[in-house]
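The values are calculated or read from the model by the stated rules, or taken from the named source; none is laboratory data. No experiment lies behind these values; they were computed from the predicted model shown. Cβ atoms come from the backbone with ideal geometry, glycine included; neighbour counts cover every protein chain shown. We work out accessible area using only protein heavy atoms, side chains counted, and drop any ligands, DNA or RNA first. Shrake-Rupley method; radii C 1.70, N 1.55, O 1.52, S 1.80 Å.
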Amino acid sequence: MSPTFASLSVRNYRVYAAGGVVSNTGTWMGRVAQDWVVLTQLTDHSATALGIVTGLQFLPMMVLAPWAGSVIDRVPKRALLMVSQAMLGLAALVGGVLVVTGSAQLWHFYLIALATGLATAFDNPARQSFVSEMVPMDRLANAVALNSASFNLGRLAGPGVAGVVIAAFGSGPALLLNAASFGAVMVALSLMRPSELSPAPRATGRGGVRDGLRYVRGRPDILLVLLLVFVLGTFGLNFQITIALMATEVFGRGAQGFGLLGTILAVGSLSAALIAARRNQPRLRVLLVSLTGFTVASAAAALAPTYWTFAIALAACGMTALSATTTANAMVQMRSDPSMRGRVMALYMALFVGGKPIGAPIIGVIGDVLGPRWTVGVGAIAVGITLAAVARWMVRHENVRVSYSSTRRPHLRVTRPAPEAPAEVAAR
């Protein structure tokens, strides 16, 4: 089997990944349909309302992360995922029924977004840490990248299909198809062979939340990654809002044009995921270079004069953002103790997506006050400033040096002296 798809040789992961592709496609259909309902049926293209809906989806992740991580480390992750997927499917079903029957109101979608967020607070970190129970450690980085590929394959197909379904049948059927798609993951989980899983040691006793926070606080290498992920997720990855506003207000496109932008974003993300799947180890230099590329691509998207130049810049945003998040995810998982992985990944997901209750409403207000282009530009500014601050801190406190070599194959080196020797150790 090709190194890109090495983890698919593991039966349990193969079954899980197949269900994930179906579910992710439905999820992206649901996201596009939800945004379209809020923007065109429940409000008059209110970026603030869309920002609130997006923020409510991620608020529970930020608030419940330490407790959710402690629960994940104490219970069987497969059983927990069955429950969380059922809850997500039910929330999607309620939204679809409300739209189809013509009784949907904005406050309904606020409540549905909050309910979705409550289930996601447990579902996301459980899915992230469950990967290490399905595949051996030497294939963990590959499995994480293939998870991202599955997610973005859904993003590639979902928005385009959603645009067609919305144009032909309306937003309600698209939401109902999303509800049905959660059954694919539940079927996949039920078809797994429990004897072939490698469950992590379960946490026992009291103080699980405090132990998790104390563990992360004592790991500056993990804290550095968490900081970068927080800024990227909070201010950079608000494509639900930015694409909707740029498509409808700047370029005057309808549902199909809106959906196509989501598909183009996914093309870049999927490409980066497949490239990342070939790497055996996540490297610090890949994370830093990817974030630098995201800063440049976001600035280009904010300044794009036409729909198609915006689409090209958006593909670059997807490539660089996915490369950064996949690398960060694998770095955190591989550097965490197995008994702490659930709590660490809960904090990771809280900072990655839980920052959206802060960022999404801010982005929405910026879109209403300063214009849609600034919703994209603020991500480039925030990530760029953070990168500069992190680079300065690493040079001053960690004695890190960055150099570029053009001999043979051009590459970037991020190095620092070993603790007791002058030799360079590459932080790759």
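Scanning segment 288-330 for residues that are of a type outside the set (A, V, I, L, M, F, W, C), under 19 Å from ARG373 (Cα atoms) and in contact with a helix residue (DSSP H, G or I) (Cβ under 9 Å, 6 or more places away or on another chain), which turns out most open to solvent (accessible area, probe 1.4 Å)?
So, considering only residues that are of a type outside the set (A, V, I, L, M, F, W, C), under 19 Å from ARG373 (Cα atoms) and in contact with a helix residue (DSSP H, G or I) (Cβ under 9 Å, 6 or more places away or on another chain), the one most open to solvent (accessible area, probe 1.4 Å) is THR309.
How many residues, within segment 271-287, are touching a residue at least 60 places away in the same chain (Cβ under 8 Å) and either outside any helix (DSSP H, G or I) or open to solvent by 30 Å² or more (accessible area, probe 1.4 Å) (or both)?
Here the count works out to 9.
Within segment 110-120, work out how many residues are in contact with a Ser or Thr (Cβ under 9 Å, 6 or more places away or on another chain) and within 15 Å of ALA68 (Cβ to Cβ).
Number satisfying all stated conditions: 2.
Those residues that are under 30 Å from THR54 (Cβ atoms) and among the small types (Gly, Ala, Ser), I need them from segment 1-35; list them, please.
Scanning segment 1-35 gives ALA17, ALA18, GLY19, GLY20, SER23, GLY26, GLY30, ALA33.
Out of all the residues in segment 120-152, which are open to solvent by less than 30 Å² (accessible area, probe 1.4 Å), hydrophobic (A, V, I, L, M, F, W, C) and under 23 Å from GLY55 (Cα atoms)?
ALA121, ALA126
State which residue is surrounded by the most Cβ atoms within 10 Å (Cβ to Cβ) when the search covers only segment 1-19 and only residues that are modelled with pLDDT under 85 and not hydrophobic (A, V, I, L, M, F, W, C).
THR4
Among the residues of segment 48-74, write down those that are farther than 21 Å from GLY236 by Cα, open to solvent by less than 50 Å² (accessible area, probe 1.4 Å) and out of contact with any Pro (no Cβ under 9 Å at 6 or more places or on another chain).
Correct list: LEU64, PRO66, SER70, VAL71.
Pairs only if they're at least six apart or on different chains, beta carbon under 7 angstrom, first in segment 245-267 and in contact (Cβ under 8 Å) with a residue 12 or more places away in the chain, second surrounded by fewer than 24 Cβ atoms within 10 Å (Cβ to Cβ) and among the polar types (S, T, N, Q); list them, first residue then second.
Qualifying pairs under 7 Å: PHE258/THR248.
Evaluate the following for GLY172: is it open to solvent by less than 10 Å² (accessible area, probe 1.4 Å), more than 25 Å from ALA272 (Cα to Cα) and not hydrophobic (A, V, I, L, M, F, W, C)?
So GLY172 fits the description; yes.
Scan segment 30-47 for residues that are of a type outside the set (Phe, Trp, Tyr) and open to solvent by 10 Å² or more (accessible area, probe 1.4 Å) and jot them down.
Scanning segment 30-47 gives ARG31, VAL32, GLN34, THR40, GLN41, LEU42, THR43, ASP44, HIS45, SER46.
Show the residue pairs that are 6+ apart or on different chains and have beta-carbon atoms under 7 Å apart, the first residue being within segment 312-327 and free of Cβ contacts under 8 Å to residues at least 60 places away in the same chain and closer than 20 Å to PRO282 by Cα, the second being in a helix (DSSP H, G or I) and among the β-branched types (Val, Ile, Thr).
SER323/VAL286; THR327/VAL286
For segment 13-49, enumerate the residues that are under 15 Å from TYR110 (Cβ atoms) and either under 19 Å from the mean Cα position of the chain (by Cα) or without any contact (Cβ under 8 Å) to a residue 24 or more places away in the chain (or both).
The answer is GLN34, ASP35.
I'd like to know if segment 359-367 contains one or more residues that are modelled with pLDDT under 80, within 16 Å of LEU228 (Cβ to Cβ) and part of a helix (DSSP H, G or I).
The answer is yes, given that some residue of segment 359-367 is modelled with pLDDT under 80, within 16 Å of LEU228 (Cβ to Cβ) and part of a helix (DSSP H, G or I).
Just need a number here: residues in segment 65-90 that are touching a residue at least 60 places away in the same chain (Cβ under 8 Å) and under 20 Å from the mean Cα position of the chain (by Cα).
The total comes to 10.
Scan segment 106-119 and give yes if some residue there is open to solvent by less than 10 Å² (accessible area, probe 1.4 Å) and under 13 Å from GLY30 (Cα atoms), otherwise no.
Yes.
For ARG155, state whether it is surrounded by fewer than 16 Cβ atoms within 10 Å (Cβ to Cβ), charged (D, E, K, R) and within 30 Å of ASN280 (Cβ to Cβ).
When the stated conditions are applied, ARG155 does not pass them.
Is at least one residue of segment 384-406 farther than 23 Å from LEU213 by Cβ, aromatic (Phe, Trp, Tyr), at pLDDT 80 or above and not in a loop (DSSP other than H, G, I, E, B)?
The answer is no; no qualifying residue exists.
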